[in-house]
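Visitor: Quick one: this structure, given as structure tokens, is what I'll be asking you about.
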Amino acid sequence: IESNIELRKDGELQINDDKIYDCLLCKEIHTSYKYEFIDECFDRHGLILVKRNDRWGCISLQGVEVIPCIYEEHPHNVECGLISVKYNGKYGCVDKTGTEVIPCIYDWISSHDGLIRGKISNQFEFIDTLGNKVLTVSNNDWADDYYDGLAKYSKYAEKGFGFIDITGKEVIPCKYKN
């Protein structure tokens, strides 16, 4: 349910002038912003998910807008400690300070084993938590997220699946069905 939210002088959140939320973490918020939506604590970084003018962002427990309300979907934590965001129809990642680490250029992203996998055009790119491209799988080939240092992989020209390591070397040939 979307609503207008404001912090009362007694430290409680007033929502739509008819409900008062008194949760331990929400009492810490000191902000004059008006939001259409405010969530519980968002993540392990102590960020709170908010929505303003139909755009998503996050505020700190002190009410400071850390991740600006410019994103089309609500930010999500990804496994490697970054936060995925969508801007202009494309996905990327920011850190807990709102700094862009991976630009919003990907059709979609996922993560595992400390790497972000992003699909862009007809290729997959694997990016580390500093924003460095580690590996590109192209030519309509397909690769899954890494698990224990290996990613399921399929070559476009061949039928079947195999596995590649973090360098992109095929360690199990693409000859297995599913």
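Visitor: Filter the GluC sites (Glu not before Pro) in the range 67-132 down to the DSSP loop ones having no more than 14 other Cβ atoms within 10 Å, then list what survives.
Guide: Hits after loop and neighbour filter: Glu73, Glu79.
Visitor: Can you give me the % of accessible surface on the range 64-178 that is carbon or sulfur? Probe 1.4 Å, all protein chains present, nothing else counted.
Guide: Of the solvent-accessible surface of the range 64-178, carbon and sulfur hold 51 percent.
Visitor: When Lys and Arg each count +1 and Asp and Glu each count -1, what net charge do the other residues less than 12 Å away from Arg117, Cβ to Cβ, add up to?
Guide: Result for the neighbourhood of Arg117: -4.
Visitor: Cβ under 15 Å from Leu150's Cβ, Leu150 left aside: what net charge do those residues give with Lys, Arg +1 and Asp, Glu -1?
Guide: -3
Visitor: When the dipole is taken about the Cα centre of the range 92-134, and only Lys, Arg (+1) and Asp, Glu (-1) are charged at their Cβ, what size is it in debye, to the nearest 20?
Guide: For the range 92-134, the charge dipole is close to 60 debye.
Visitor: So, one more: Scan the range 121-166 for chymotrypsin sites (Phe, Trp or Tyr not before Pro) in coil per DSSP, keeping those whose Cβ has at most 12 other Cβ atoms within 10 Å, and list them by number.
Guide: Those satisfying the criteria are Tyr156.
The values are calculated or read from the model by the stated rules, or taken from the named source; none is laboratory data. As the structure is a prediction and not an experimental result, all values here were calculated from the model. When we count neighbours, we look across all protein chains shown, and the Cβ atoms used for this are built from the backbone with ideal geometry, even at glycine. These area figures cover heavy atoms from the full protein model, side chains too; ligands, DNA and RNA do not enter into them. Shrake-Rupley method; radii C 1.70, N 1.55, O 1.52, S 1.80 Å.
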